[in-house]
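Asks: So that we are looking at the same thing, I have put the structure below in C-alpha coordinates.
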Amino acid sequence: MKFQLWFLIMVTLLSGCGDRIDPVISTIYLEEGDRAAQRRQAIPELYAHYQNSAKDREAYEVISKKNGRFIINYVPGLELLTLCGDPGSGWSRQFANVSDDVLKILVNEKVTFDDLEIHGSFGSKLDSLLISKTPIYRVRTNGSPSL
(Lines give C-alpha, C1' and ligand atoms only; values in the text may rest on other atoms or scores of the structure.)
Protein backbone atom coordinates (compact mmCIF):
# COMPACT_ATOMS: atom_id res chain seq x y z
CA MET A 1 0.00 0.00 0.00
CA LYS A 2 2.82 2.43 0.87
CA PHE A 3 4.56 1.71 -2.43
CA GLN A 4 1.38 2.42 -4.41
CA LEU A 5 0.84 5.70 -2.58
CA TRP A 6 4.48 6.70 -3.05
CA PHE A 7 4.30 5.79 -6.76
CA LEU A 8 1.11 7.79 -7.24
CA ILE A 9 2.63 10.85 -5.55
CA MET A 10 5.79 10.65 -7.69
CA VAL A 11 3.83 10.32 -10.94
CA THR A 12 1.68 13.30 -9.99
CA LEU A 13 4.70 15.46 -9.15
CA LEU A 14 6.66 14.52 -12.25
CA SER A 15 3.76 15.04 -14.61
CA GLY A 16 3.57 18.68 -13.54
CA CYS A 17 7.23 19.36 -14.30
CA GLY A 18 7.28 19.02 -18.09
CA ASP A 19 6.21 21.46 -20.76
CA ARG A 20 2.63 20.94 -21.79
CA ILE A 21 2.14 20.94 -25.53
CA ASP A 22 -1.14 22.18 -26.94
CA PRO A 23 -1.81 20.05 -30.05
CA VAL A 24 -3.75 22.81 -31.84
CA ILE A 25 -0.61 24.98 -31.87
CA SER A 26 2.15 24.09 -34.32
CA THR A 27 5.43 25.16 -32.75
CA ILE A 28 9.01 25.09 -33.93
CA TYR A 29 11.96 25.95 -31.72
CA LEU A 30 15.07 27.83 -32.82
CA GLU A 31 18.19 26.30 -31.37
CA GLU A 32 21.05 27.67 -33.48
CA GLY A 33 22.55 31.15 -33.66
CA ASP A 34 23.03 34.07 -31.34
CA ARG A 35 20.30 36.43 -30.16
CA ALA A 36 20.51 38.77 -33.17
CA ALA A 37 20.55 35.92 -35.68
CA GLN A 38 17.56 34.19 -34.11
CA ARG A 39 15.57 37.42 -34.01
CA ARG A 40 16.41 38.07 -37.69
CA GLN A 41 15.20 34.58 -38.58
CA ALA A 42 11.96 34.69 -36.55
CA ILE A 43 9.65 35.99 -39.29
CA PRO A 44 11.13 33.98 -42.20
CA GLU A 45 11.01 30.84 -40.04
CA LEU A 46 7.39 31.54 -39.05
CA TYR A 47 6.37 32.17 -42.66
CA ALA A 48 8.13 29.00 -43.92
CA HIS A 49 6.65 26.98 -41.05
CA TYR A 50 3.14 28.14 -41.92
CA GLN A 51 3.58 27.71 -45.69
CA ASN A 52 4.94 24.17 -45.28
CA SER A 53 2.17 23.11 -42.92
CA ALA A 54 -1.14 21.42 -43.63
CA LYS A 55 -2.78 24.66 -42.41
CA ASP A 56 -4.92 22.64 -40.03
CA ARG A 57 -3.87 24.24 -36.74
CA GLU A 58 -5.26 27.15 -34.77
CA ALA A 59 -1.89 28.86 -34.52
CA TYR A 60 1.70 28.61 -35.73
CA GLU A 61 4.64 29.87 -33.76
CA VAL A 62 8.38 30.08 -33.47
CA ILE A 63 9.93 30.01 -30.02
CA SER A 64 13.49 30.63 -28.92
CA LYS A 65 14.03 29.52 -25.37
CA LYS A 66 17.79 30.05 -25.50
CA ASN A 67 19.62 32.99 -27.07
CA GLY A 68 16.80 34.86 -28.80
CA ARG A 69 14.29 34.69 -25.93
CA PHE A 70 11.14 35.33 -27.91
CA ILE A 71 7.81 33.93 -29.02
CA ILE A 72 6.20 34.93 -32.31
CA ASN A 73 2.71 33.54 -32.77
CA TYR A 74 0.46 33.67 -35.85
CA VAL A 75 -3.26 32.87 -35.73
CA PRO A 76 -4.37 32.75 -39.38
CA GLY A 77 -8.08 32.41 -38.58
CA LEU A 78 -8.02 35.69 -36.63
CA GLU A 79 -5.20 37.22 -38.71
CA LEU A 80 -3.24 38.05 -35.55
CA LEU A 81 0.53 38.26 -35.21
CA THR A 82 1.55 38.35 -31.55
CA LEU A 83 5.00 38.95 -30.08
CA CYS A 84 6.69 38.26 -26.78
CA GLY A 85 10.24 39.59 -26.52
CA ASP A 86 10.83 38.53 -22.94
CA PRO A 87 9.09 35.28 -21.97
CA GLY A 88 7.64 35.62 -18.50
CA SER A 89 6.82 39.31 -19.01
CA GLY A 90 3.70 38.86 -21.14
CA TRP A 91 2.86 39.59 -24.75
CA SER A 92 4.52 42.81 -25.92
CA ARG A 93 2.79 43.62 -29.22
CA GLN A 94 0.02 42.38 -31.43
CA PHE A 95 -0.87 43.21 -35.00
CA ALA A 96 -4.31 42.73 -36.58
CA ASN A 97 -5.29 41.93 -40.18
CA VAL A 98 -2.06 40.01 -40.83
CA SER A 99 -2.73 37.62 -43.70
CA ASP A 100 -0.15 35.20 -45.04
CA ASP A 101 0.40 37.74 -47.85
CA VAL A 102 1.39 40.32 -45.22
CA LEU A 103 3.77 37.78 -43.65
CA LYS A 104 5.34 37.28 -47.08
CA ILE A 105 5.82 41.04 -47.45
CA LEU A 106 7.51 41.16 -44.03
CA VAL A 107 9.89 38.42 -45.17
CA ASN A 108 10.60 40.13 -48.50
CA GLU A 109 11.24 43.46 -46.74
CA LYS A 110 13.59 41.67 -44.29
CA VAL A 111 11.65 42.88 -41.26
CA THR A 112 13.05 41.41 -38.04
CA PHE A 113 11.43 40.49 -34.76
CA ASP A 114 13.06 43.54 -33.16
CA ASP A 115 11.71 45.80 -35.92
CA LEU A 116 8.20 44.72 -35.01
CA GLU A 117 8.60 44.60 -31.25
CA ILE A 118 10.70 47.67 -30.58
CA HIS A 119 10.01 50.04 -33.43
CA GLY A 120 6.53 49.14 -34.63
CA SER A 121 6.61 52.02 -37.09
CA PHE A 122 8.40 51.85 -40.40
CA GLY A 123 7.53 55.05 -42.25
CA SER A 124 6.74 53.03 -45.35
CA LYS A 125 4.09 50.87 -46.90
CA LEU A 126 4.41 48.58 -43.88
CA ASP A 127 2.74 51.17 -41.66
CA SER A 128 -0.50 50.73 -43.57
CA LEU A 129 -0.22 46.94 -43.40
CA LEU A 130 0.66 46.55 -39.73
CA ILE A 131 -2.19 47.64 -37.49
CA SER A 132 -1.21 47.57 -33.83
CA LYS A 133 -3.95 46.01 -31.71
CA THR A 134 -4.71 47.01 -28.14
CA PRO A 135 -5.73 45.55 -25.86
CA ILE A 136 -3.87 42.42 -26.82
CA TYR A 137 -6.11 39.41 -27.44
CA ARG A 138 -4.82 36.44 -25.45
CA VAL A 139 -3.72 33.79 -27.96
CA ARG A 140 -2.96 30.16 -27.24
CA THR A 141 0.71 29.20 -27.23
CA ASN A 142 3.11 26.43 -26.30
CA GLY A 143 5.43 29.05 -24.83
CA SER A 144 5.32 30.95 -21.56
CA PRO A 145 4.69 34.61 -22.33
CA SER A 146 3.70 35.15 -18.69
CA LEU A 147 4.29 33.08 -15.62
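Asks: First measure r as the distance between the Cβ atoms of residue 67 and residue 21, then evaluate 1/(1 + (r/R0)^6) with R0 = 22 Å and state the FRET efficiency to the nearest 0.05.
Replies: Here the calculated transfer efficiency is 0.50.
Asks: Whenever you get a sec, compute what percent of the accessible area on the range 24-147 sits on carbon and sulfur atoms (1.4 Å probe). Intermediate results must be reported in sequence, preceding the final value.
Replies: Working: 2900 of 6200 Å².
Looking at the range 24-147 in its full context, I get 47 percent from C and S.
Asks: Kindly write out, for the range 85-101 in residue order, the coupling ³J(HN,Hα) from the Karplus curve 6.51 cos²θ - 1.76 cosθ + 1.60 (θ = phi - 60°), rounded to whole Hz, with x marking Gly and Pro.
Replies: These are the phi-based 3J(HN,Hα) values: x, 8, x, x, 9, x, 5, 9, 8, 8, 10, 9, 6, 9, 8, 5, 5 Hz.
Asks: Give me the extension gain from residue 128 to residue 55: residue separation times 0.36 nm, minus the current Cα-Cα distance, reported in nm with one decimal.
Replies: 23.7 nm
The values are calculated or read from the model by the stated rules, or taken from the named source; none is laboratory data. Remember, predicted model here, so these are calculated numbers, not experimental data. Cβ: placed from backbone, ideal geometry, glycine included. Neighbour counts: every protein chain shown. Areas reflect the complete protein model, heavy atoms only, side chains present, ligands, DNA and RNA absent. Shrake-Rupley method; radii C 1.70, N 1.55, O 1.52, S 1.80 Å.
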